[in-house]
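See below for the structure under consideration.
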Amino acid sequence: VLQPSEWDRIVGVSEFTVEPAALADRPKVGAFHRAHLERIVALKPDLILATRDGNSRDQVLRLEDLGYPVVTVNSRTLEQIEESFLQIGQAVGSPDGGKAAASDFRVKLERLRGALSGRPLRVVIQLGSSPLVVAGRSFVSEAVEVLGVRNVFRDFSGYPKPSLEELLRQKPDVVIVVGAARAPE
């Protein structure tokens, strides 16, 4: 939504931000599902971006009570992620940038769907191991299904915690282990 020349406006990022590389060295304010309010407040932001799917409602309300404007976007589905570009564009004073980002996202998604459709693999997307946490119906699942595979836990909402026996009953062809992020609680 913001052009690279405007990235200096970003004073803090998620613990797992690695892209774009220019933002990877910004102060970390915690994981998307476990923000550190003290760190956020210390940065004195003009605007805070949160996700309804990841950030605690109590934390969002606390930040609002402290007088910070918080824009909370939905990110459970790819469609909601696309809509979030528009919402964030409005919030940062760049509605055209939001429209361009949403359009670019949609075009790349459709290109990917067309290029990779028809793969019959059944997959599990493992996000945590202690306890076992997998992606259910979520943007994570949709992102993988864009590749033409089927998430065997797609009928479960959010991030279920199946037993190992339940996982094996699903008979996945592949288990994708996401190791760069902690599993949502």
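The values are calculated or read from the model by the stated rules, or taken from the named source; none is laboratory data. In this text, all values refer to a predicted model and were calculated from it rather than measured experimentally. When we count neighbours, we look across all protein chains shown, and the Cβ atoms used for this are built from the backbone with ideal geometry, even at glycine. Areas reflect the complete protein model, heavy atoms only, side chains present, ligands, DNA and RNA absent. Shrake-Rupley method; radii C 1.70, N 1.55, O 1.52, S 1.80 Å.
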| remark: Carbon plus sulfur, as percent of the 1.4 Å-probe accessible area of the chain, comes to 54 percent
| Karplus (6.51, -1.76, 1.60) ³J(HN,Hα), θ = phi - 60°, over segment 77-85, in Hz, Gly and Pro reported as x | 10, 5, 4, 5, 4, 4, 5, 5, 4
| task | Give, as a single signed number, the net charge of other residues whose beta carbon lies under 15 Å from the beta carbon of residue 62, with Lys and Arg counted +1 and Asp and Glu -1. | result | -1
| Amide H to amide H under 5 Å from residue 50: which residues, 5+ apart in sequence or cross-chain, H placed 1.01 Å off N in plane? | 71, 72, 73
| message | Can I get the semi-axes of segment 24-67's equivalent ellipsoid? Compute them from the C-alpha gyration tensor as square roots of 5 times the eigenvalues, in angstrom, largest first. | response | 16, 14, 9
| Taking the chain as a Gaussian network, where each spring joins two C-alpha atoms under 10 Å apart, which residue of 99, 44, 161 fluctuates the most? | 44
| message | Suppose a student asked you for the relative contact order of the chain, using Cα pairs under 8 Å spaced at least 6 residues apart; what percent would you report? | response | 17 percent
| request: With all protein chains present, calculate the accessible area of residue 140 using a 1.4 Å probe and round the result to the nearest 10 Å². | output: 30 Å²
| field | Helix-only CD estimate at 222 nm, as mean residue ellipticity for the chain, using -39500 (n - 2.57) per DSSP H run (n ≥ 4) | value | -10500 deg cm²/dmol
| query | Any idea what diffusion coefficient the chain gets from Stokes-Einstein, in µm²/s, Kirkwood Rh on alpha carbon pairs, 10 °C, 1.306 mPa s? | reply | 89 µm²/s
| field | From phi via Karplus (6.51, -1.76, 1.60), per-residue ³J(HN,Hα) for segment 10-26 in Hz, x at Gly/Pro | value | 8, 9, x, 9, 5, 4, 9, 5, 10, 10, x, 4, 5, 9, 5, 9, 5
| Lys, Arg +1 and Asp, Glu -1 on Cβ, resulting dipole of segment 35-182 about Cα centre, debye, nearest 20 | 460 debye
| note | The orientation-averaged projected area of the Cα convex hull of segment 1-90, in nm², is 5.6 nm²
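At 1.4 Å probe size, with every protein chain present, just tell me what the per residue accessible area of segment 24-147 comes to in Å².
Heavy-atom SASA per residue in segment 24-147 reads 56 Å².
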